[in-house]
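Reading through the structure tokens given below for one structure.
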Amino acid sequence: MRISGVGSALPENRYSQAVLTQALKQYWGSRLTNPEKVDWLHERVRVSTRHLAFPMQKYFEFDTWGETNDAWFEAAQDLGERAIDAALNNAGLSRLDLHALFVVSVTGVASPSLDARLINRMDLRPDIKRTPIFGVGCVGGALGISRAADHTLAYPVQNAAILAVETCSLTLKRDDFSTTNMIATGLFGDGAAAVIVSGADSPTSRAKTDDAGPKILGTRSFFYPGTEEIMGWEISEGGFKVVLSPLLSDLIRSKLGRDVDTFLEGHDLSREDIGSWVIHTGGPRVLQAMQDSLGLTDRDAQLSWENLDRVGNLSSASVLMVLEDTMKGRRPEPGTLGLLVAMGPGFCSEMILLRW
């Protein structure tokens, strides 16, 4: 199996953190008793710019969850189509070369699901195997690659796509003045990323070109029982309310390094054998906890920090964006072993062992 192509799509509405922070404070007005706290929190999430699905002023016109969910469905289709096409183009494939489609999103819901709309919109093959995935949040991009790898292991001549598309801005809780919501309003952005996984016997995998993507040597999932309150959404008639427990960093530090070692030992490897790290940009505290747990240097996680600064946390799409940056701007030497790691609601982690 091989990752044969990666592509992304960002909305055209790009704003600096300072502009977004000021707009939010103006909207909240006198209801915000401590505006300096918003400034302080937004400065510390280490995000300089973010992309929004719609122009900034549009967000203050939404009145109901139904309206924002409709807006998610509209934006997700456009971003999803662009990201899939970009990944296919980078893999040298056409839309009809896709045999399976896994779509991850946690910022909106629809039935028929988003994948069905994209199949019609993009004229994908009618026998395509489709799998919509909801509720997995930040771990979704890595989880999707694992499921696509499972598919191509069973069908080695086929190609599978994983699309992660999120419009986090549309989950804004406009009357929530909690610290958690203030952090979320400064951390999360909008965008989509897609990955094409090609089976071992597909023409794409067998073509040994200089820009070929890494081989997938193995995947591993870890679930942590009794930690469902660590991260996720509270979903009610008012929409999505983010859950971010202060216990998250401690959980990561206690579990991730141990579990990475367990995974690698199963392949007769250790952390010292890994020359490339693709890590989800979960925010500065999460990213630092992952880095500490794995004993990584700032350079090891450099692309993750740069991605966080440039676009914020894109939830499920973030780790795929870091993978794209790795392939385009910091491709390891051939033969280098790499590890892609993401964590998310459950609480859980997903790991993918790569050979470049």
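Ranked highest first by average number of other Cβ atoms within 10 Å, how do 41-51, 78-88 line up?
Top of the packing list down: 78-88, 41-51.
For the chain, give the share of DSSP beta bridges that are antiparallel, in percent and rounded to the nearest 5; count only bridges with both residues there.
75
How large is the charge dipole for the chain, taken about the Cα centre, if only the Cβ atoms of Lys, Arg (+1) and Asp, Glu (-1) carry charge, to the nearest 20 debye?
Values: 35 positive and 44 negative charges, 66 e Å.
In total the dipole reaches around 320 debye.
Give me the orientation-averaged projected area of the Cα convex hull of segment 26-100, in nm², one decimal. Show your work: numbers first, answer last.
Working: hull surface 32.6 nm².
Averaging across all directions leaves 8.1 nm² for the Cα convex hull.
Once you have a ≥ b ≥ c as the square roots of the Cα gyration tensor eigenvalues for the chain, tell me rounded if a/c is under 1.5, and otherwise prolate or oblate according to whether a/b is larger than b/c.
oblate
Pairs of alpha-carbon atoms within less than 8 angstrom and 6+ residues apart define the contacts here; what relative contact order does the chain have, in percent?
25
Pulled fully out, how much extra length does the chain show between L32 and D201, if you take 0.36 nm times their separation in residues and subtract their Cα-Cα distance?
Working: separation 169, 0.36 × 169 = 60.84 nm, distance 5.89 nm.
Going from the current span to full extension adds 54.9 nm.
Taking a quarter of the surface of the Cα convex hull of segment 215-355, what do you get in nm²?
Working: hull surface 35.4 nm².
For segment 215-355, averaging the hull's shadow over all directions gives 8.8 nm².
Read-outs throughout are calculated quantities, based only on the coordinates presented, and are distinct from any laboratory measurement. No experiment lies behind these values; they were computed from the predicted model shown. Cβ: placed from backbone, ideal geometry, glycine included. Neighbour counts: every protein chain shown.
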